[in-house]
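Student: This is the structure I have questions about; it appears just below.
The values are calculated or read from the model by the stated rules, or taken from the named source; none is laboratory data. Source: prediction; values computed, not measured. Every residue, glycine among them, receives a Cβ derived from its backbone with ideal geometry; neighbour counts consider all protein chains shown. Protein only, heavy atoms only, side chains kept; ligands, DNA and RNA dropped before computing areas. Shrake-Rupley method; radii C 1.70, N 1.55, O 1.52, S 1.80 Å.
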Amino acid sequence: MSKEGKKATKEKIILGIDPGTNIMGYGLILVEGNKYSIIQFGVIHLKKYSGHELKLKKIFERITGLIDEYHPDAVALEAPFYGENVQSMLKLGRAQGVAMAAALAREIPIAEYSPKKVKQSVTGNGNSSKEQVAEMLKTLLHIKEIPKLLDATDALAVALCHHFHDGRLQTRGRSAGWKAFLEENPTRIKG
């Protein structure tokens, strides 16, 4: 669908991404007013690639390919959460950064949500399990069969969270947009 067609009918496509270094989930939803439906969802298998640099290259290529094919209006990502293994956290952050760069290279706005915020938005409970999120999405998005790899449903949850929050940037303590950030931080504008 062309950008012009989406704008005329007030449709919006959101690409949700659940970053990973072995499996990265993605999900695309179409939003028409308050109605939403699945366009596509799945996973990008990265375990087969040797070397972290090659995995990052494949992430960039696949996310760019999804953007070029579906022309999303926004990309929403799940933020990495602090874990015990710092090295794993660093690799996950790089994977997320490459996915963000792919969106930014195509001038697609990005938003980031904590895992707790995503779960809260979809199930009403920020401590829900992946299985509980998938079951709720099965109902909300009319999924016939939950996929084996829940990274795909996690990505759909991120896209749906973005829709529910209407794209407001999530910051500590409150929600705000870029405009508010720039007004509050005029010295950070380079001109």
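Student: Taking H as built 1.01 Å from N, whose amide H comes closer than 5 Å to the amide H of GLU112, not counting residues under 5 places away?
Tutor: Close amide H contacts, sequence-distant or interchain: LEU77, GLN170.
Student: Taking a 1.4 Å probe, which of ASP166, ASP18, ASP68, ASP73 shows the most accessible area, and what order do the others take after it?
Tutor: ASP166, ASP68, ASP73, ASP18
Student: While we're here: Could you tell me what percent of the accessible area of the range 77-133 is made up of carbon and sulfur, with a 1.4 Å probe and every protein chain present?
Tutor: The nonpolar share, carbon plus sulfur, comes to 54 percent.
Student: Cβ neighbours within 10 Å, averaged per peptide: list 151-157, 34-40 in order, most packed at the top.
Tutor: 151-157, 34-40
Student: Pulled fully out, how much extra length does the chain show between GLU135 and HIS52, if you take 0.36 nm times their separation in residues and subtract their Cα-Cα distance?
Tutor: 26.6 nm
Student: Now for a different question. With a 1.4 Å probe and every protein chain left in place, tell me how much accessible area ARG94 has, in Å² to the nearest 10.
Tutor: 110 Å²
Student: In terms of the Cα gyration tensor, with a ≥ b ≥ c the square roots of its eigenvalues, is the range 1-146 rounded because a/c is under 1.5, prolate because a/b exceeds b/c, or oblate?
Tutor: Verdict is oblate for the range 1-146.
Student: Tell me the net charge near ASN127. Cut-off is 10 Å between Cβ atoms, ASN127 excluded, with +1 for each Lys or Arg and -1 for each Asp or Glu.
Tutor: Local net charge: +2.
Student: May I ask which residue of ILE63, ALA111, THR21 lies farthest towards the positive end of the charge dipole of the range 8-152, with charges of +1 (Lys, Arg) and -1 (Asp, Glu) on Cβ and the Cα centre as origin?
Tutor: Result: THR21, furthest along the dipole toward the positive end.
Student: Right, another one. Rolling a 1.4 angstrom probe over the protein heavy atoms, how many square angstrom per residue are accessible across the range 25-140?
Tutor: Normalised by residue count, the accessible surface of the range 25-140 is 54 Å².
Student: Show LYS148, LYS10 ordered by accessible area, largest first, where the area counts protein heavy atoms only and the probe is 1.4 Å.
Tutor: LYS148, LYS10
Student: Here's a follow-up. In the neighborhood of ALA102, defined by Cβ-to-Cβ distances under 9 Å, what is the net charge if each Lys or Arg adds +1 and each Asp or Glu adds -1?
Tutor: Around ALA102, the charge tally is +1.
Student: Mind grabbing the accessible area of LYS58 for me, 1.4 Å probe, Å², rounded to tens?
Tutor: 50 Å²
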